[in-house]
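The values are calculated or read from the model by the stated rules, or taken from the named source; none is laboratory data. Just so you know, these numbers come straight off a predicted model, no measurement behind them. Quick reminder, even Gly has a Cβ in these numbers, built from the backbone with ideal geometry, and neighbours come from all protein chains shown. Remember, those area values only see protein heavy atoms, side chains included, never the ligands or the DNA or RNA. Shrake-Rupley method; radii C 1.70, N 1.55, O 1.52, S 1.80 Å.
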Amino acid sequence: MKLVILVAVFGLSLTQHDPHFKYGRTSIVHLFEWRWADIAAECERFLGPNGFGGVQISPPNEHIVLNDPWRPWWQRYQPISYKLCSRSGSENELRDMISRCNKVGVRDCRLVSLLDLALEKDYVRSKVADYMNSLIDMGVAGFRVDATKHMWPGDLEAVYSRLHNLNTSWFPGDSRSFIFQEVIDLGGEAISSSEYFHLGRVTEFKYGAKLGTVFRKWDNEKLCYTNNWGEGWGFMPNGNALVFVDNHDNQRGHGAGGASILTFWDSRLHKMAVGYMLAHPYGVTRVMSSYRWNRNIVNGKDQNDWMGPPSHGNGSTKPVPINPDQTCGDGWVCEHRWRQIKNMVIFRNVVNGQPQSNWWDNQSNQVAFGRGNRGFIIFNNDDWDLDVTLSTGMPGGTYCDIISGQKEGNRCTGKQIQVGGDGRAHFRISNRDEDPFVAIHAESKL
């Protein structure tokens, strides 16, 4: 996998819309507040072997350190220099992580905050470009630009134009940095996301907000209405979109989306929504990987939304321990390791390039669709059981459901789905199931 370091930056051409995934990979994971040493290990032991295409890291530059035992997460977004030392580790540890992740095909996307810089000045533009180029030269594949809507596109373009091509140790010659830019645009904003399309991809905040509303069944929304999901819902053009169910801001009630956003706190619906996102062809997808904090809701607001990652008494970030069942411990949530989400990342890789097909719905909250002849998924978000025979578009045979289990050798650890020679299969999904959805793909066939 390539390590995609998402940094706050600027973009110039359509090449900056390309995340530079290793062939056959399609998704980014945000390992929020992880240490560099832990990210390097995770690339080698899990992300690479399970087909993740990139990892987004927290800002690597020197930042303020508040005299608080919890060390708020947002101190990372208060840079004080371009030195590559942070609560995640040293410059040498960062270099080691970038190299090790690139070796297993996981790219480097990094995030940088450029608030209050005088980007209209040539000196400032040069300093920012120098900083970004130092990361590019290390092997970083791209950048997430924080708070882009507060920066004039012309200033950003002036910085992006000074960026080096990507390091040819890991990328083809003349490759340009992947750029995606944080623009919160829920419609009716003074500044629109379209003003930044020519510079790189843009965060589609309407995506998670709308998908959360649909799966929560608020505002009379139904899953069947998503038969034209994507641009048909007023989202930006597919080629410009970076999509996600939740991010580090709106899972805490900040940013965009409000209470509709689905997070690990709503794990059953969260898994369904992430599964839907990874099955659907729209946008470049990013999965969130979180840590827990002590929630304290007062008048609808979490008073502890500022709390930093799991830390020792001296404020240093704790390592991420891996449990025998492959989940994480010590307060780290690691949604990307949940079987259902990990297997759907693989599903997206397997069906990549195939069109959406064989749509079915019950005019309520039971829907199904395929991806050509490579995959098929079906959801039951109604309050009653689903029992239906559908055309899947898949070749006949026995498939392992990758939600209730997965294929291991010549057996399924969960449900088996029989597809007939005519491509039809029978599905039963109880609304009381732990995960009321089923997915099969070409590589889950026995």
Practice problem: Keeping to region 250-259, report how many residues are at pLDDT 90 or above and surrounded by fewer than 19 Cβ atoms within 10 Å (Cβ to Cβ). | Solution: 1
Self-check item: Those residues of region 296-316 which are farther than 19 Å from Asp249 by Cβ and either in contact (Cβ under 8 Å) with a residue 40 or more places away in the chain or among the aliphatic types (A, V, I, L, M) (or both), in sequence order
Solution: Val298, Ser311, Gly313, Gly315, Ser316
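Would you mind finding the one in Arg292, Arg337 that is basic (Lys, Arg), under 25 Å from Cys43 (Cα atoms) and buried (at least 20 other Cβ atoms within 10 Å of the Cβ)?
Arg337
Does at least one position in region 267-279 carry a residue that is of a type in the set (S, T, N, Q), open to solvent by less than 60 Å² (accessible area, probe 1.4 Å) and part of a loop (DSSP other than H, G, I, E, B)?
Checking region 267-279: not a single residue is of a type in the set (S, T, N, Q), open to solvent by less than 60 Å² (accessible area, probe 1.4 Å) and part of a loop (DSSP other than H, G, I, E, B).
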Quiz item: What is the number of the single condition among (1) without any contact (Cβ under 8 Å) to a residue 40 or more places away in the chain; (2) open to solvent by less than 10 Å² (accessible area, probe 1.4 Å) that Gln56 does not meet?
Solution: (1)
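Take residues that are touching a Cys at 6+ places or on another chain (Cβ under 6 Å) and tell me which of the strands (runs of 3 or more DSSP E) falling wholly in region 104-211 contain 1 or more.
Output list reads 106-112, 142-145.
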Self-check item: Criterion (open to solvent by 20 Å² or more (accessible area, probe 1.4 Å), farther than 24 Å from Cys43 by Cα and at pLDDT 95 or above) met by exactly one of Gln363, Gln303
Solution: Gln363
Quiz item: Any residue in region 69-81 that is within 18 Å of Asn352 (Cβ to Cβ), of a type outside the set (Val, Ile, Thr) and out of contact with any Pro (no Cβ under 9 Å at 6 or more places or on another chain)?
Solution: no
Practice problem: Determine which member of the set Trp218, Trp152 is over 30 Å from Phe369 (Cβ atoms), open to solvent by 40 Å² or more (accessible area, probe 1.4 Å) and aromatic (Phe, Trp, Tyr). | Solution: Trp152
Quiz item: Considering only region 221-236, how many residues are open to solvent by 60 Å² or more (accessible area, probe 1.4 Å) and closer than 16 Å to Ser194 by Cα?
Solution: 1
